[in-house]
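Structure, as structure tokens:
The values are calculated or read from the model by the stated rules, or taken from the named source; none is laboratory data. These numbers come from a predicted model, not from an experiment. Cβ: placed from backbone, ideal geometry, glycine included. Neighbour counts: every protein chain shown.
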Amino acid sequence: MTFITGVTGAFVGVQDFAPHLEFWSGELGWDNCKSGVISAEVAKKVYNVEGEIEVKVLCAAGSDTGQVYLFRTQNADSLTARHPHTSELGFHALDLYTKDSAATYQQMSKAGHKWVREPEAYQVPLGETVVEITEAFLFGPEGTAVVFVEAKNARVTKAWEANPNLPYTELTSVVCGVRDLEGLTAFFGPEGLGMAKWYDVSFTSEGLNKMAQLPADAEITLVFLAGESTARIEVIKVNNVEPPRDLRVEQRPGKALGHAGWSFKTHDLDGALEVVTKQGGVVLSAPIVTDDPIHGKARLASAETPEGAFIELWESI
């Protein structure tokens, strides 16, 4: 059974909304769709956070998937920002399509944003075919890593369906680093929460390794999990590099700035939570009713993947 159809939104912890709004809305043209608070009761039960959480929901061209949720907790001023590295365990970049990676590089550089390096082209072998991609890795506000992807065969996105002339899309994928590729694939995949495994490939790419600041001989395994909605899960493992750090315990709302969790809307919350436990995850909070800018009126619960990454699942009521 399919319990989720894609990543509804990614949590981004913030101290100051201003640079994030300037980045996502000012530079990328996203909309600030909703603003408000999550109640202290829900914050404590679902996110283990004290006090209300200030929230802004950002979306591209009204897309209801691949959104960004800016979270400001009452302890935000005590948190520190750190950009994750591709070889580490935990949440990595937020990916979105660009029409023109060179133009994006110039635009963002002019606006004062820092890059790992200039856009790099590389190829991903998929059986007898090769996918050609150009990517650029940007150090976004307050520890948020963002990758702009220019693909020759871009997949369908809701933003470009709504307006093909937009330079940027909603989030096309969210990226995480793991030790156990099979375990996370089972958790989110067809026998778990129901996403399809699009491809599973291991390769070495000079261009990708330069872009991701990896050793030249690093071998990467990529697994893409996808549903009907745009935002997919990109799982990455650097096979011949020992992860220098495990970020998953600290990457969650109220504990970190930047990429701090994933949100999934489901049609069957109770069934989805049963699958979480069956596939080796942990349910952190029993369902609670909320009415807030992200979920509307909904039943909401939080959980961990088998390796301890933070997610939430919710069902409209």
**Residue check, Leu171 in a strand (DSSP E or B), of a type in the set (A, V, I, L, M), buried (at least 18 other Cβ atoms within 10 Å of the Cβ) and without any contact (Cβ under 8 Å) to a residue 60 or more places away in the chain** = no
**Search result, residues across region 132-155 that are at negative phi and outside any strand (DSSP E or B)** = Gly140, Pro141, Thr144, Lys152, Asn153, Ala154, Arg155
**Asked** List pairs: first in region 116-137 and without any contact (Cβ under 8 Å) to a residue 40 or more places away in the chain, second part of a strand (DSSP E or B) and basic (Lys, Arg), Cβ under 8 Å, 6+ apart or cross-chain?
**Response** none
**Item:** From Leu94, Leu58, residue being out of contact with any helix residue (DSSP H, G or I) (no Cβ under 6 Å at 6 or more places or on another chain) and either at pLDDT 95 or above or buried (at least 23 other Cβ atoms within 10 Å of the Cβ) (or both)
**Value:** Leu94
**Asked** Considering region 272-307 alone, what residues qualify as being surrounded by fewer than 16 Cβ atoms within 10 Å (Cβ to Cβ) and over 20 Å from Arg72 (Cα atoms)?
**Response** Glu274, Thr277, Lys278, Val282, Ala286, Val289, Lys297
**Complete:** Quick count over region 78-89, residues being under 24 Å from Ala218 (Cβ atoms) and either of a type in the set (Val, Ile, Thr) or surrounded by 24 or more Cβ atoms within 10 Å (Cβ to Cβ) (or both), is 1
**Prompt:** Considering region 183-223 alone, what residues qualify as being at pLDDT 85 or above and in a helix (DSSP H, G or I)?
**Reply:** Gly183, Leu184, Thr185, Ala186, Phe187, Phe188
**Prompt:** Looking only at region 156-168, which residues are in a loop (DSSP other than H, G, I, E, B) and in contact (Cβ under 8 Å) with a residue 60 or more places away in the chain?
**Reply:** Val156, Thr157, Asn163, Leu166, Pro167
**Fill in**
Here the residues within region 61-75 that are surrounded by 19 or more Cβ atoms within 10 Å (Cβ to Cβ) and farther than 17 Å from Arg155 by Cβ are Gln67, Val68, Tyr69, Leu70, Phe71, Arg72, Thr73
**Message:** Restricting to region 243-265, name every residue that is assigned to a strand (DSSP E or B) and touching a helix residue (DSSP H, G or I) at 6+ places or on another chain (Cβ under 9 Å).
**Reply:** Gly258, His259, Gly261, Phe264
**Message:** Could you go through region 108-118 and let me know if any residue there is within 30 Å of Leu214 (Cα to Cα), touching a strand residue (DSSP E or B) at 6+ places or on another chain (Cβ under 6 Å) and assigned by TED's automatic domain parsing to the domain that holds Pro293.
**Reply:** no
**Complete set of residues in region 202-216 that are buried (at least 18 other Cβ atoms within 10 Å of the Cβ) and either assigned by TED's automatic domain parsing to the domain that holds Glu274 or touching a residue at least 24 places away in the same chain (Cβ under 8 Å) (or both)** = Ser205, Leu208, Met211, Ala212, Leu214
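Per-residue answers, yes or no, for (1) surrounded by fewer than 21 Cβ atoms within 10 Å (Cβ to Cβ); (2) not aliphatic (A, V, I, L, M):
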site	(1), (2)
Leu181	yes, no
Leu184	no, no
Pro190	yes, yes
Met195	no, no
Asp200	yes, yes
Ala218	yes, no
Thr221	yes, yes
**Item:** Residues (over 28 Å from Phe17 (Cα atoms) and either touching a Gly at 6+ places or on another chain (Cβ under 8 Å) or without any contact (Cβ under 8 Å) to a residue 12 or more places away in the chain (or both)) located in region 246-277
**Value:** Glu274, Val275, Thr277
**strands (runs of 3 or more DSSP E) contained entirely in region 43-131, each with at least 3 residues that are under 30 Å from Leu300 (Cα atoms)** = 53-59, 67-72, 90-98
**Message:** Tell me whether region 263-270 contains one or more residues that are among the basic types (Lys, Arg) and in contact with a His (Cβ under 9 Å, 6 or more places away or on another chain).
**Reply:** yes
**Asked** Within region 237-266, which residues are of a type in the set (A, V, I, L, M), at pLDDT below 95 and buried (at least 20 other Cβ atoms within 10 Å of the Cβ)?
**Response** Val238, Leu247, Ala256
